[in-house]
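The values are calculated or read from the model by the stated rules, or taken from the named source; none is laboratory data. Only a predicted model underlies this, so the values are computations on that prediction, with no experimental measurement involved. Note: ideal-geometry Cβ built from the backbone for every residue, glycine included; neighbour counts use all protein chains shown.
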Amino acid sequence: MVIQRTQKEIRQRAPMWLIGLLFLNIGLMSFDARDQVTKQRVVRVWTQALVGWVQRPVTSAGGAGLGFFQRIGNLWTASGENEQLKRRLAEAESELREARAARDENGRLQSLLDLKQDSEYGVIPARVISRDPSIWFNSVIINRGTSSGVQSNMPVVTRDGIVGRVIVVSPWTAQVTVLTDEKAAAGAIVGQLGASGGVGVVRGTGESGVLEMRYVSGLEQVEVGDSVVTTGQDGIYPPGLSVGTVVEIKQGSPTTTHEIRVKPSARLDSLKEVAVLQYQPPPRTLPKDALPNVKKKVISDR
């Protein structure tokens with residue numbers, strides 16, 4: 001009974017053993033088989049192909065991850081370099097502004113030095129240290145006073161033209177009323193001094209950068225672009241200083257005066273360095289024919 005059961009099992013398992021032996025034989029033949037071209041075992045070629053197929057996505061994923069972290073590092077480095085470049089650019093711009101300011105200041109100081117050399121009057125260089133923000137009174141404060149020789153009513157100028165006059169003075173500072181102030185005025189003439197009859201008075205209008213010239217006869221020919229200079233008749237400004245240029249004119253008539261607007265030559269809205277002229281107007285003398293009448297009046301008063 002046992003023998004019959006064993007034989008039965010053998011008969012049932014015989015096909016499986018046969019198939020197993022067949023596969024074993026094929027495996028041995030495949031293992032020993034070689035490629036005709038490369039002379040390598042076919043099993044090794046298949047194994048390398050299988051390993052390569054499995055390794056390729058793993059390598060790609062690893063490379064992608066490494067590239068991602070490398071890009072993160074590069075972005076961090078680029079951000080730091082960008083901030084450093086911004087700081088350097090800001091420093092360079094600051095140095096450039098300072099260099100330009102120093103250049104402009106040197107130019108203004110050189111112009112004052114030239115003015116001092118060319119002027120026939122004593123020149124006191126000064127710096128504007130503050131400006132009155134009031135809309136009713138246009139004035140500046142300079143860093144020179146009586147200790148430097150500054151006195152009231154001395155004219156203040158730049159290389160380009162007149163600025164105004166000193167109205168209040170202390171030992172170390174002085175207040176200067178600017179020509180654009182409504183209370184400021186100067187005797188002036190349109191054209192060349194001594195060659196024109198367009199005599200009048202330049203006054204401030206309260207507007208920034210605009211002056212008004214009055215009392216010029218309507219018979220005088222005045223055109224836009226004509227220069228305006230001081231006459232010296234006001235007893236403050238010496239004759240021949242530049243006031244400005246005619247920018248607008250409303251023609252007068254034989255019985256009415258011109259209405260003239262003048263743009264100041266000096267840049268009154270951005271004053272930095274100025275010069276105070278130690279100018280003293282010449283004393284006024286009466287005509288000789290008026291002296292007898294004056295003496296008679298003095299005697300009669302007695």
Select from segment 193-249 the residues that are in a loop (DSSP other than H, G, I, E, B), exposed (fewer than 14 other Cβ atoms within 10 Å of the Cβ) and of a type in the set (Asp, Glu) and list them in ascending order.
-> GLU207, GLU223
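Rundown of residues vs (1) more than 24 Å from VAL169 (Cβ to Cβ); (2) modelled with pLDDT under 90, yes/no style:
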site	(1), (2)
ILE189	yes, no
ALA195	yes, yes
ASP226	yes, no
THR231	yes, no
GLY244	yes, no
LYS263	yes, no
LEU277	no, no
GLN280	no, yes
THR285	yes, yes
So VAL202, is it at pLDDT 95 or above and under 24 Å from TYR215 (Cα atoms) = yes
Of the residues that make up segment 173-181, is at least one among the acidic types (Asp, Glu) and either surrounded by fewer than 17 Cβ atoms within 10 Å (Cβ to Cβ) or within 16 Å of GLU248 (Cα to Cα) (or both)?
-> no
Conditions: (1) at pLDDT below 65; (2) over 30 Å from LEU277 (Cα atoms); (3) hydrophobic (A, V, I, L, M, F, W, C). LEU85 meets all but one. Number of the miss?
-> (1)
The residue from ARG159, ARG203 that alone is of a type in the set (Lys, Arg) and touching a helix residue (DSSP H, G or I) at 6+ places or on another chain (Cβ under 9 Å) is ARG159
